[in-house]
Amino acid sequence: MAREAAISDQDDHPSREEITLGSILAALADPHRRRVVATLVLAPDGTEIGCSSFGLPVTKATRTYHFRMLREAGLIGMVDYGNCRKTYLRRADIEAKFPGLLAWVVAEAEAASG
């Protein structure tokens, strides 16, 4: 299903102009949230992934909290398809505001894994 046909959270996350470095850094302070962002960075642009597919070792309520933090910071967007929500990286917005930040997230994830 195309993103346009689903219910998007366009009103539920900051515009590009409203994204701040402080909110981005606060969201990326948690290793679980960095893992989500790194996974999305490595996926092809426009990829949508279900929230439970990231395999975070946390409860559903904690997972919801982490995704809310990422969404409110402007790192991700979410689309509601009725029976599931998919997450996508706001790559263009982040690269426009903070060039190189996403590469840093991936480099840190790769260094930590190996």
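Provide the net charge surrounding V36, with neighbours chosen by a C-beta distance below 10 Å and charges set as Lys +1, Arg +1, Asp -1, Glu -1.
My count for the surroundings of V36 gives +3.
Excluding G74 itself, calculate the net charge of residues whose Cβ lies under 9 Å from the Cβ of G74, where each Lys or Arg counts +1 and each Asp or Glu counts -1.
The answer is +1.
Computing the accessible area with a 1.4 Å probe over protein heavy atoms, can you report the carbon and sulfur percentage for the chain?
The computed percentage sits at 55.
With a cut-off of 8 Å between alpha carbons and a minimum separation of six or more residues, what is the relative contact order of the stretch 8-81 in percent?
60 percent
Any idea what the dipole of the chain comes to, in debye rounded to 20, about its Cα centre with Lys/Arg Cβ at +1 and Asp/Glu Cβ at -1?
The dipole magnitude comes to about 360 debye.
Using a probe radius of 1.4 Å on heavy atoms only, what accessible surface per residue do you get for the chain? Whole Å² is fine.
54 Å²
Using helices alone, I'd like the mean residue ellipticity at 222 nm for the chain: each DSSP H run of four-plus residues gives -39500 (n - 2.57), total over residue count, nearest 500.
That calculation yields -14500 deg cm²/dmol at 222 nm.
Would you kindly work out the equivalent ellipsoid of the chain from its C-alpha gyration tensor and give its semi-axes, the square roots of five times the eigenvalues, largest first in whole Å?
20, 17, 14
The values are calculated or read from the model by the stated rules, or taken from the named source; none is laboratory data. None of these values were measured; they are calculated from a predicted model. We place every Cβ from the backbone using ideal geometry, glycine too, and count neighbours over all the protein chains shown. Areas reflect the complete protein model, heavy atoms only, side chains present, ligands, DNA and RNA absent. Shrake-Rupley method; radii C 1.70, N 1.55, O 1.52, S 1.80 Å.
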